[in-house]
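Remarks on the structure that follows.
The values are calculated or read from the model by the stated rules, or taken from the named source; none is laboratory data. In this text, all values refer to a predicted model and were calculated from it rather than measured experimentally. We place every Cβ from the backbone using ideal geometry, glycine too, and count neighbours over all the protein chains shown. Protein only, heavy atoms only, side chains kept; ligands, DNA and RNA dropped before computing areas. Shrake-Rupley method; radii C 1.70, N 1.55, O 1.52, S 1.80 Å.
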Amino acid sequence: MISSNLSAIFYLVSGILFILALRGLSSPDTSRQGNYFGIAGMIIAIVVTFLSIGNFSTSLVYVIIFLVIGGSIGAFIAFRIPMTAMPELVAGFHSLVGLAAVFVAIAAFLNPDAFNLGLVGEIKLASLIEMSIGAAVGAITFSGSIIAFLKLRGIMSGSPITFSGQHLLNLILGIGIFVLIFYLCKTQAANIFWAVIMISFLVGVLLIIPIGGADMPVVISMLNSYSGWAAAGIGFTLENTALIITGALVGSSGAILSYIMCKAMNRSFVSVILGGFGADSSKDDTKDKKDQKPVKSGNAEDAAFLMKNASSVIIVPGYGMAVAQAQHALREMVDKLKKNDIKVTYAIHPVAGRMPGHMNVLLAEANVPYDEVFELEDINNDFANSDVAFVIGANDVTNPVAKTDPKSPIFGMPVLDVEKCKSVLFVKRSLSPGYAGIDNELFYKDNTLMLFADAKKMTEDIVKNLD
Amino acid sequence: MEIDPFIFRLSIFILSIFIGYYVVWSVTPSLHTPLMSVTNAISSVIIVGAIIAALAGYSENVFNSSSIFGYIAIVLAAVNIFGGFLVTQRMLQMYKKKKDKKK
């Protein structure tokens, strides 16, 4: 058994290691080391907890058994998950943090003595508020992440679910939670505590169902942030520095990512949360207007010819590449091009894919060196000097309408200036609009050649034609 | 008058938000996915609370209403800790420079 002062110092050390873990991610070179810092911080926190409780009875055996069970499940998932499924994996993991926070709060409420928070029915006021907030935010994180998971997994439709009075209902439920917490503090009644948790579960569901598939990068980041605030709330209850520091780090990390994603879509955070964007994307856009405009379409042979004669090619990947699992075929294509001394780079829009950095991971998986991959602001000027832009699975992020048409819903969103390339190859299954539900002007430009096919199939065919 | 310990914890919390703010802005955008998975892993340090709930309960009864929640939370958090760190490691392993592969 170690003194609580000593254990507090160790918790501080583990908090610092967590900061270093995030710091490591500032460059891929230091990132692996950062991850080890994170693991070390976690081991210190867990060991110190065992030592400070000093209970080495049969309970400890059970704790270790449960730890091993959970750990094996986690390890199994981590090794088996395909990289294309990262968004739903992260959403799933967020839900677990949320639920764990709820359970810890419940345990603390049922047995406050074990946490030094007072006795049942006489829990310290501050602790009671902290644990209710931790439980409420945890519950919202849990049910919200479950919905996000279902949407990303495709089990639930990605289109927004809205009904009249939705925001009013959320508002009432939100106020209801605060009122209940107030009464909980007055009465310490267990029923009110359960009600807070149940309503929070409901709020989590209601918050995420109106948000459409295109806004998923924001949702995931937002839930990331919530899971942090939930952890911090529990950290205050347990008076644990490691948990408070971590909660604050994760909370602000998720908030920053949400901000970056919103900015990349030129949308306000509030409008994303209120949802409804991307509704009925396919309905009214199948109007006759696109039949009137001529579209040039080509095949793999044309594409191969164009690229062979180019001296520089920029690849613009998007979610479609992930869906078609085309990243490996793409890499093969790029290798062939490089053999012909063609300069190839990759341009990534911040919201390409379903979560921040999604495309980078997929390209890394396909062994694309990260120094060939550029972010929007670093590469946007290069389009004008390049011969071919190869757009694979991206759509809205290349739409010039965002720069030209103030009436367009995506007006003002930073887009990749693909149309400035000498020629644009656009791999797409059909002319259907993207998630934002807007027709892409790029399809009808003179220098655009549409390649109608599955992204993977088309890329493989181009590879064959490059020989 | 003595300062309530809560204020100290609040100070740590606020300062950590600032640290998080600056540290996260310096994270390169290409590593945003690993950032999410690693923040997910470290937020599972909530397992500390789960262990307290499981171990510090009534000593005469290994499984009581409070410790059961603790045990479940241990499983949930452990899934996250192992899953989160390992999947991050797996991802980071894939980030390579041009030089590395061209021998």
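Look at where the Cα atoms of the stretch B:6-85 and of the stretch A:74-139 average out, and the two centres are 8 Å apart. Dividing the helix sum by the residues of chain A, where each DSSP H run of 4 or more adds -39500 (n - 2.57), gives a mean residue ellipticity at 222 nm of -19500 deg cm²/dmol. Separation of the alpha carbons by more than 18 angstrom is noted, of A:LYS428/A:LYS456; A:LYS420/B:LYS97; A:LYS336/A:LYS464; A:LYS420/A:LYS456; A:LYS422/A:LYS457, for A:LYS420/B:LYS97; A:LYS420/A:LYS456; A:LYS422/A:LYS457.
Using a ≥ b ≥ c from the Cα gyration tensor of the stretch A:188-282 (square roots of the eigenvalues), is it rounded, prolate or oblate, where a/c under 1.5 gives rounded and otherwise the larger of a/b and b/c decides, a/b for prolate? Oblate. Most tightly packed first, judged by the mean number of other beta-carbon atoms within 10 Å of their residues, the peptides A:128-136, A:110-118 read A:128-136, A:110-118. The C-alpha atoms of chain A define a longest principal axis, and helix A:86-110 lies at about 10 degrees to it.
Annotation: A:TRP229 carries an accessible surface of approximately 80 Å², with a 1.4 Å probe and no ligand, DNA or RNA atoms counted. Taking the C-alpha atoms only, the angle from helix A:166-187 to the longest principal axis of chain A is near 20 degrees.
The mean number of partner chain beta-carbon atoms within 10 angstrom of a residue's beta-carbon across peptide A:365-376 is 4. Of the solvent-accessible surface of chain A, computed with a 1.4 Å probe and all protein chains present, 62% belongs to carbon and sulfur. Placing +1 on each Lys and Arg Cβ and -1 on each Asp and Glu Cβ, with no other charges, gives the stretch A:291-358 a dipole about its Cα centre of roughly 160 debye. Averaged over peptide A:12-25, the number of partner chain Cβ atoms lying within 10 Å of each residue's Cβ comes to 5. Each peptide in A:365-371, A:188-194, A:163-169 receives the mean, over its residues, of other Cβ atoms within 10 Å, and ordering these scores from highest gives A:365-371, A:188-194, A:163-169.
The peptide list B:8-20, A:443-455, A:41-53, put in order of mean Cβ contacts within 10 Å with the highest first, becomes A:41-53, A:443-455, B:8-20.
A:THR58 sits with roughly 80 Å² accessible to a 1.4 Å probe, with DNA, RNA and ligands left out of the calculation. When A:HIS349, A:HIS328 are compared by accessible area of protein heavy atoms, the largest-first order is A:HIS328, A:HIS349, using a 1.4 Å probe. If you line up the long axis of helix B:65-94 against the longest principal axis of chain B, both from Cα atoms, how many degrees apart are they, to the nearest 10? Result, in degrees: 10. Remark: chain A carries 39 Å² of accessible area per residue (probe radius 1.4 Å; ligands, DNA and RNA excluded).
The Cβ shell under 13 Å around A:SER258 holds other residues with a net charge of +1, Lys and Arg each +1, Asp and Glu each -1. The mean count of C-beta atoms from other chains within 10 Å of the C-beta of residues in B:6-17, rounded to a whole number, is 5. The residues of the stretch A:100-125 occluded by other protein chains by 40 Å² or more of accessible area, set against the chain on its own, are A:ALA100, A:PHE103, A:VAL104, A:ALA107, A:LEU110, A:ASN111, A:ALA114, A:PHE115; surface from heavy atoms, 1.4 Å probe. In terms of its alpha-carbon gyration tensor, the protein assembly as shown comes out prolate; a/c meets the 1.5 threshold, and the first ratio a/b outweighs b/c. Classify the stretch A:1-92 as rounded, prolate or oblate, taking a ≥ b ≥ c as the square roots of the eigenvalues of its Cα gyration tensor: rounded when a/c is under 1.5, otherwise prolate if a/b is larger than b/c and oblate if not. Since a/c reaches 1.5 but b/c is at least a/b, the shape of the stretch A:1-92 is classed as oblate.
Sorting A:LEU202, A:LEU243, A:LEU431 by solvent-accessible area of protein heavy atoms yields A:LEU202, A:LEU431, A:LEU243, largest first, with a 1.4 Å probe. Heavy atoms of chains A and B lose about 8500 Å² of accessible surface on contact, summed over both sides with a 1.4 Å probe. In chain B, the portion of solvent-accessible area held by carbon and sulfur atoms comes to 69 percent [1.4 Å probe, whole percent, DNA, RNA and ligands not counted]. For the set A:ASP378, A:ASP405, solvent exposure ranked by accessible area (probe 1.4 Å, protein chains only) runs largest to smallest as A:ASP378, A:ASP405. Round to the nearest 10 and report in Å² the accessible area of B:LYS96, as given by a 1.4 Å probe over the protein chains' heavy atoms. B:LYS96 has an accessible surface of roughly 80 Å² with all protein chains in place.
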